[in-house]
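The values are calculated or read from the model by the stated rules, or taken from the named source; none is laboratory data. Everything quoted here is computed from the prediction, not taken from an experiment. Virtual Cβ from ideal backbone geometry, glycine too; neighbours counted across all protein chains shown. The protein model used for the area step is the full one, side chains on, heavy atoms only, and it has no ligands, DNA or RNA in it. Shrake-Rupley method; radii C 1.70, N 1.55, O 1.52, S 1.80 Å.
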Amino acid sequence: MQRQPLIILTGPTAVGKTALSIGLAKALNGEIISADSMQVYRHMDIGTAKIKPEQMQGIRHYLIDELEPSIEFNVATFQSKCRQYMKEIYSRSKIPILVGGTGFYIQSVLYSVDFSQTETDNLYRKELADFAKHKGNEALHARLMEIDKKSADAIHPNNVKRVIRALEYYKQTGHKISEHNEEQHKKESDYQFRYYVLSLPREILYERINRRVDLMKEEGLTKEVKSLLEMGCTRDMVSMQGLGYKEIIDALEGRDTLDHAYERIKQETRHFAKRQFTWFRRERDVTWLEKEKFADEEALLRYCINDCKEYLKIEK
RNA sequence: GGCGACUUAGCCAAGUGGUAAGGCACGGGACUGCAACUCCCUGAUCACCGGUUCAAAUCCGAUAGUCGCCU
């Protein structure tokens, strides 16, 4: 079977993915699926730097504004929705372009990671979390050691979240997650793809981040968060753990000052960008697009279009 | 001009004679159902010069810088 074409455009936050994505979609008859864990949520526009309808220029976008903030979103649901949309896009003879900074989500689709069969077991998760809280992280980790030494060796005891998932996986499937991961890791992609990572020198990117946060403040991020709280959102929701939201909530609920909250957002966004670099650096088969090496956005776009045509044999 | 205080890694900061805590930042890394999450790793010889002492960031003196007060 001929593998289907897939374009991925990612990179650290604030690097300028959105602008490029529209140009690509227009030139290559593409439609955009957002690979962003926060932009799926409605009412969260400013803090997620979400693309505005008028910026879309008629290009169809998926997985943007699809969920209420109270709904939990995760890789597995992302994957299934994304696949479904890709199918639709292919059926119209168009090309899906995955755009967004959540590397984990991209990976799940690109390598068709298997998430089937299990439901999240919140009760069990909570039980394990409590266990760790009372008996200590090491004690929980010891439990993992008993059933899956390989995972235990790979996961640091303090990384409680991952230890819990490994234990949950075993309870649900009776298999070791380390074995599962190993298998998944060997997979080749089912797609004929180009995986672009847009980048900029660190200092420039950090300046852009700082400026962007200042802009969010001016545009009324505080107000946006206020109205989310009025809608009934609480800090423990997945959506409210997004950068810019948890910090402002802290300020609004009196645990921090507003000025300090905005400083924290800048700082944490920089940290986030750094983590994204780490992620993309170790992904295999990625094509780095160092923005500063192109004369301008126009040149960058032209390069991308030609590169896609060459590798994906797209005619249009 | 005089008097006093201070001077420890990029920043904050313990340590007051026995051989440099910690936090933050920066940098690096992990990550396969919460991922804008969660987690891990990483740095100095203590302003400078001289002295006392077996031993000094820690005591003494000089120099420089910073801050405060006074004339």
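Hey, what D do you get for segment A:1-89 in µm²/s if you plug the Kirkwood alpha-carbon radius into Stokes-Einstein at 4 °C and 1.567 mPa s?
Working: Rh = 14.0 Å.
Diffusion coefficient, whole number: 93 µm²/s.
Do me a favour and compute the ellipsoid semi-axes for segment A:171-316 from its Cα gyration tensor, root of five times each eigenvalue, largest one first, whole Å.
Values: eigenvalues 244, 139, 42 Å².
So the equivalent ellipsoid measures 35, 26, 15 Å along its semi-axes.
Using the Karplus curve 6.51 cos²θ - 1.76 cosθ + 1.60 with θ = phi - 60°, what ³J(HN,Hα) values do you get for each residue of segment A:46-56, in whole Hz, with x for Gly and Pro?
In residue order, the calculated couplings are 5, x, 9, 6, 5, 5, 8, x, 5, 6, 5 Hz.
Quickly estimate the mean residue ellipticity at 222 nm for chain A, helices only: each DSSP H run with n ≥ 4 gives -39500 (n - 2.57), and the total goes over all residues, rounded to 500.
Working: 13 runs with 169 residues, N = 316.
The helix contribution divided over chain A gives -17000 deg cm²/dmol.
Using a Gaussian network model on chain A with a 10 Å cutoff between Cα atoms, which of A:Leu144, A:Leu24, A:Leu67 fluctuates the most?
Sorting by GNM fluctuation, first place goes to A:Leu144.
Could you please state how large a percent of the accessible area of segment A:248-301 is carbon and sulfur, counting protein chains only and using a 1.4 Å probe? Don't skip to the answer; put the middle values down first.
Values: 1600 of 3180 Å².
For segment A:248-301, the apolar C and S fraction of the accessible surface comes to 50 percent.
From the mean inverse distance of alpha carbon pairs (Kirkwood) and the Cα radius of gyration, derive Rg over Rh for segment A:1-153. Write out the running numbers ahead of the final one.
Details: Rg = 19.0 Å, Rh = 17.7 Å.
Rounded to two decimals, Rg/Rh equals 1.07.
Of the listed pairs A:Lys217/A:Lys291; A:Lys223/A:Lys246; A:Lys50/A:Lys223; A:Lys135/A:Lys246; A:Lys150/A:Lys171, which have alpha-carbon separations greater than 19 Å here? Provide the component values of the computation, followed by the final result.
Working: A:Lys217/A:Lys291 27 Å; A:Lys223/A:Lys246 14 Å; A:Lys50/A:Lys223 16 Å; A:Lys135/A:Lys246 28 Å; A:Lys150/A:Lys171 16 Å.
Table pairs above 19 Å Cα-Cα are A:Lys217/A:Lys291; A:Lys135/A:Lys246.
Could you list, bin by bin from short to long, the percent of Cα-Cα pairs of segment A:240-299 in 5 Å steps?
The calculated distribution, bin by bin, is 4, 16, 16, 15, 12, 12, 11, 8, 5, 1.
How large a share of the accessible area of segment A:6-154, in percent, is made up of carbon and sulfur atoms when the probe is 1.4 Å and the other protein chains stay in place?
Ligands and nucleic acids excluded, carbon and sulfur give 51 percent.
I need the calculated FRET efficiency for the pair A:Glu88 and A:Ile147, taking r as the beta carbon distance and R₀ as 30 Å, to the nearest 0.05. Each step should come with its number before you reach the end.
On the way: r = 41 Å, r/R0 = 1.37.
Efficiency at R0 = 30 Å is approximately 0.15.
Work out the charge dipole of segment A:31-75 with +1 on the Cβ of Lys and Arg and -1 on the Cβ of Asp and Glu about the Cα centre, then indicate which of A:Asn74, A:Gly58, A:Ile46 is farthest towards its positive end.
Of the candidates, A:Gly58 comes out farthest on the positive side.
Can you give the net charge of the other residues whose Cβ lies under 15 Å from the Cβ of A:Ile64, counting K and R as +1 and D and E as -1? Numbers along the way, then the final one.
Numbers: positive: A:Lys17, A:Arg42, A:Lys50, A:Lys52, A:Arg60, A:Lys81; negative: A:Glu31, A:Asp36, A:Asp45, A:Glu54, A:Asp65, A:Glu66, A:Glu68.
Residues near A:Ile64 contribute -1 overall.
Using a Gaussian network model of chain A whose springs link C-alpha atoms within less than 10 Å, name the residue from A:Thr257, A:Thr120, A:Thr13 with the highest mean-square fluctuation.
Ranking A:Thr257, A:Thr120, A:Thr13 by mean-square fluctuation puts A:Thr120 first.
Apply the Kirkwood formula to segment A:1-40: the hydrodynamic radius equals the inverse of the mean of 1/r over all pairs of different alpha-carbon atoms; give it in Å with one decimal. Please list the in-between numbers first.
On the way: mean 1/r = 0.0861 Å⁻¹.
Radius from the Kirkwood sum: 11.6 Å.
Could you report chain A's accessible area per residue, 1.4 Å probe, as an integer in Å²?
Details: 16610 Å² over 316 residues.
Spelled out: the 1.4 Å probe surface of chain A, per residue, equals 53 Å².
Using 0.36 nm per residue of separation minus the Cα-Cα distance, give me the extension gain between A:Glu290 and A:Lys274 in nm, one decimal.
Between A:Glu290 and A:Lys274, full extension yields an extra 4.2 nm.
Quick one: if you stick a label point 7 Å off each Cα along the C-beta vector at A:Lys187 and A:Gln57, how many nm between them?
About 3.4 nm, to one decimal.
Once you have all Cα-Cα distances for chain A, histogram them in 20 Å bins from zero and send the whole-percent values.
Final binned percentages: 28, 58, 14, 0.
Excluding ligands and nucleic acids, what accessible area in Å² is computed for A:Met38 using a 1.4 Å probe, to the nearest 10?
40 Å²
Name the residues whose placed amide hydrogens come within less than 5 Å of the amide hydrogen of A:Leu98, ignoring near sequence neighbours (fewer than 5 apart) on the same chain.
A:Ile7, A:Ile8, A:Leu9, A:Ile33
Please grab the % of Cα pairs in segment A:167-238 that end up more than 15 Å from each other.
78 percent
Please report, ordered by residue number, every helix of chain A (full DSSP H runs) that is 15 Å or longer along its axis going by C-alpha atoms and whose mean Kyte-Doolittle hydropathy reaches -1.0.
Working: long enough: A:17-28 (16 Å, 0.97); A:75-91 (24 Å, -0.59); A:122-135 (19 Å, -1.23); A:137-147 (16 Å, -0.05); A:160-173 (20 Å, -0.61); A:202-219 (25 Å, -1.19); A:258-282 (36 Å, -1.50); A:297-312 (22 Å, -0.36).
Answer set is A:17-28, A:75-91, A:137-147, A:160-173, A:297-312.
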